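Novice: The structure is given below, and queries will be raised subsequently.
The values are calculated or read from the model by the stated rules, or taken from the named source; none is laboratory data. Please read all numbers here as calculations on a predicted model, not as lab measurements. Positions of Cβ are generated from backbone atoms using ideal geometry, with glycine treated the same way; all protein chains shown enter the neighbour counts.
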Amino acid sequence: MEKAAVLGVGLIGGSLALGLKERGNVEVCGYDGSSQTLRLAESSGVIHYGCHKVADAVKDADYIFLALPVGATLPLLEELAAMDLKPGCILSDVGSTKGRVMELAASLPRISRNFIGGHPMAGSHQSGVKAARSLLFENAYYVLTPPQNGSMSQVQRLSRLLSKATRAKLVIMDPDHHDRVVGAISHLPHILAAALVNQVEGYNRSNEWFLRLAAGGFRDLTRIAASDPVMWRDVLMSNREALLELMGDWIREMDLIHQALKAGDSRKIESFFCKAKASREKLPDRKQGVIAPVFECYVDVPDHPGEIGKVASLLGEWNISISNIGVIESREDGAGVLRLVFQGEKDHQKAKRVLRSNGLTVIDLNEQEKGGENTK
Ligand code: NAP
């Protein structure tokens, strides 16, 4: 049996390890900076066994996956390049940016031919091994960035293993192209969401109505501003060039609408929104993507004491776990007063069925976006 070492057993490393163990037909050894995480990964069956030293974990490994934050991946790659790895061992990572890691790997002759960058383009708003799922990457794109001097047979070997283990759609890309595309569809939106929240939070300091009135639309648009700051610091630092260019384009786009507004040019303002509406309507259906989906719905219960308890008990009776529950005070989207968030799609769908069959009005904004089914 071949051996795979997963370094960093968090959300992504843990999910990869589970897939490798369940479907990859390889022995999976884990390593993590935290011994508590390693113990949990072992006891919950995410890995076959754990090692407290990197050297022990990668000994005789046929595959090594680095699944750490991007900032920790680079020094670990240098450490690995100084070790005696098994001849032909393939190294890969899962980081959200590819240019810097590929550049570093190319400068390390002992591993340069066998380091194939990777980016599974699915995730979750949660982190850590507890959130790991064996099918997290199913049907999502998984980008591979092979080295220029590498061999095609190594790329095929890795693709075969990852297809089986993750059930993702493997695609090959140039690292700079990957960073520009992901910069535009994921990194730039994270910057904009955080900037918008910071701007409104600034206004809110002198007048608390700003955040009190912030409801559905603002919440949807800024959901990703709650992501892990350290991870996003590392992502931005490792994709600076592409992001500076993309932010320049963004500032120009803002300047155009700013000018139109200043000039009171209603035709330009309307065409700005028309163009965006037409493009937005052409977007493919919601599926696994680089920005993690949220499984939520709204329930229109009367604003009486005990109503929230009734909904929670009903879902409890059906064994549906709620990961978050909140009361929406301002309802600009016409959504219900109670916002429920679930761990995954299965609980989300089951909850809607149970609530509707008990006569409650349930609003799922994604259904409405698709042309909507009945809310009852
Ligand atoms: P995570 O859940 O926080 O897992 C990271 C794991 O690495 C944690 O167990 C952490 O241990 C460990 N770790 C951190 N620094 C370490 C070090 N220096 N030495 C050893 N172990 C260390 O994070 P994640 O979401 O899995 O992200 C991992 C990578 O996946 C990142 O590069 C990210 O860019 C990429 N990625 C993330 C997503 C996403 O949606 N989250 C999607 C695609 C790709 P502790 O227990 O000490 O924290």
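Novice: Condition test on residue 271, is it under 26 Å from the mean Cα position of the chain (by Cα) and surrounded by 11 or more Cβ atoms within 10 Å (Cβ to Cβ)?
Specialist: So residue 271 does not fit the description; no.
Novice: Additional query: Pairs only if they're at least six apart or on different chains, beta carbon under 8 angstrom, first in segment 183-194 and polar (S, T, N, Q), second surrounded by 18 or more Cβ atoms within 10 Å (Cβ to Cβ); list them, first residue then second.
Specialist: If the second residue must be surrounded by 18 or more Cβ atoms within 10 Å (Cβ to Cβ), the pairs left are 186/96; 186/290.
Novice: Right, next: If I go through segment 2-23 residue by residue, how many of them are farther than 16 Å from residue 94 by Cα and assigned to a loop (DSSP other than H, G, I, E, B)?
Specialist: Residues meeting the conditions: 1.
Novice: Just the residues that are in a loop (DSSP other than H, G, I, E, B) and within 13 Å of the ligand (Cβ to nearest atom), please, taken from segment 24-43.
Specialist: 32, 33, 34
Novice: For residue 204, state whether it is among the polar types (S, T, N, Q) and either under 28 Å from residue 13 (Cβ atoms) or touching a Leu at 6+ places or on another chain (Cβ under 8 Å) (or both).
Specialist: Yes, satisfied.
Results for (1) in contact (Cβ under 8 Å) with a residue 60 or more places away in the chain; (2) of a type in the set (A, V, I, L, M, F, W, C); (3) within 15 Å of the ligand (Cβ to nearest atom); (4) on the phi > 0 side of the Ramachandran plot, shown as yes or no for each residue.
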| residue | (1), (2), (3), (4) |
| --- | --- |
| 49 | no, no, no, no |
| 52 | no, no, yes, no |
| 61 | no, yes, no, no |
| 69 | yes, no, yes, no |
| 89 | no, yes, no, no |
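Novice: Let me ask another. Please give the number of the condition residue 136 fails out of (1) modelled with pLDDT under 95; (2) part of a helix (DSSP H, G or I); (3) not small (Gly, Ala, Ser).
Specialist: (2)
Novice: Right, next: Only one residue in 43, 35, 107 is without any contact (Cβ under 8 Å) to a residue 60 or more places away in the chain, closer than 20 Å to residue 176 by Cα and exposed (fewer than 14 other Cβ atoms within 10 Å of the Cβ), so which one is that?
Specialist: 107
Novice: Out of all the residues in segment 3-20, is one or more away from the ligand (no atom under 14 Å from the Cβ) and within 22 Å of the chain's Cα centre (by Cα)?
Specialist: yes
Novice: Continuing with the same structure: Residue by residue through segment 335-363, note down the ones that are loosely packed, with under 12 Cβ neighbours inside 10 Å and modelled with pLDDT under 85.
Specialist: 345 - this is the single residue of segment 335-363 that is loosely packed, with under 12 Cβ neighbours inside 10 Å and modelled with pLDDT under 85.
Novice: Which condition number does residue 144 fail, the rest of (1) within 14 Å of the ligand (Cβ to nearest atom); (2) at pLDDT below 95 being met?
Specialist: The number of the failed condition is (2).
Novice: Residues of segment 47-103 being assigned to a helix (DSSP H, G or I), charged (D, E, K, R) and surrounded by fewer than 17 Cβ atoms within 10 Å (Cβ to Cβ), which ones?
Specialist: Correct list: 56, 78, 79, 103.
Novice: Only one of these conditions is not met by residue 278: (1) at pLDDT below 90; (2) under 28 Å from the mean Cα position of the chain (by Cα). Which number is it?
Specialist: With respect to (1) at pLDDT below 90; (2) under 28 Å from the mean Cα position of the chain (by Cα), residue 278 is out only on (1).
Novice: Still on this structure, I have one more. How many residues are part of a helix (DSSP H, G or I) and away from the ligand (no atom under 16 Å from the Cβ) if we restrict to segment 104-114?
Specialist: Within segment 104-114, residues that are part of a helix (DSSP H, G or I) and away from the ligand (no atom under 16 Å from the Cβ) number 4.
Novice: Within 26 Å of the chain's Cα centre (by Cα) and modelled with pLDDT of 95 or more, is that true of residue 104?
Specialist: Yes.
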